[in-house]
Amino acid sequence: MGDPLSADFVEAVAGFATGVVVVTVRDGRDDLGTTVTSFMSVSLEPPMVVASVATSSYLTEVLTRRDRWAATILSVRQRALAGRFAAEGRPGARILLAAEPHHRGPHSDALIPETGITALECETRQTIEAGDHTLFTAEVLSTDYIAREQEPLIRVNRRYLVAPA
């Protein structure tokens, strides 16, 4: 990142407010997850989303082998959880969720935190390498829950914030 354009680009996109999502997947006996802020819906028919994950991450390797996973859109009450799932060298998802209410999704078998805005169970339909990230385009198999009374967690200027009502 010695290129001045790269540094300017990082600063430019840091000012773009995004929602905060935890992506989880079960890989045999292991459960993995990460915090992503590049997540969006791309189609209503069929319902589809895209999650962007660093190509060099172990999670990307697992997501290329396991096509079903979960995406939990986090609430403001889950700021600490977002930080734990974003930390370098983090342990598995089971340890990160040990003190949080959670369950396994019936379609993905992934661990799903229960106090978010919503949780989606997804099945990858296409992967696209995009620079240093891989985009996972997935069909939404189910909406695990919807909790509209929660305030969403957003990230802007490298900080987690409460979305304005």
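The values are calculated or read from the model by the stated rules, or taken from the named source; none is laboratory data. Because the structure is a prediction, the values reported are computed rather than measured. Here the Cβ is made from the backbone with ideal geometry for all residues, glycine too, and neighbour counts use every protein chain on show. Ligands, DNA and RNA are excluded from the accessible area calculation, which covers all protein heavy atoms including side chains. Shrake-Rupley method; radii C 1.70, N 1.55, O 1.52, S 1.80 Å.
Quick notes on this structure:
- The calculated FRET efficiency for the pair ARG29 and ASN157, based on their C-beta separation and a Förster distance of 30 Å, comes to about 0.15.
- If R0 is taken as 35 Å, the Cβ-Cβ distance between GLU149 and ALA99 corresponds to a FRET efficiency of 0.95.
- In the chain, the portion of solvent-accessible area held by carbon and sulfur atoms comes to 54 percent [1.4 Å probe, whole percent, DNA, RNA and ligands not counted].
- Cα gyration tensor, the chain - rounded (a/c under 1.5), prolate or oblate: rounded
- The residues of the range 55-165 have, on average, 53 Å² of accessible surface per residue, using a 1.4 Å probe with all protein chains present.
- Prolate/oblate/rounded label for the range 15-98 (Cα gyration tensor, a/c 1.5): oblate
- Charge tally in the Cβ shell below 15 Å around LEU81, where Lys, Arg are +1 and Asp, Glu are -1, LEU81 excluded: +2
- Oblate is the label for the range 108-165, because a/c, from the alpha-carbon gyration tensor with a ≥ b ≥ c as root eigenvalues, is 1.5 or above and a/b does not exceed b/c.
- Extension gain for ALA54-GLU139 works out to 28.6 nm (0.36 nm per residue, less the C-alpha to C-alpha distance).
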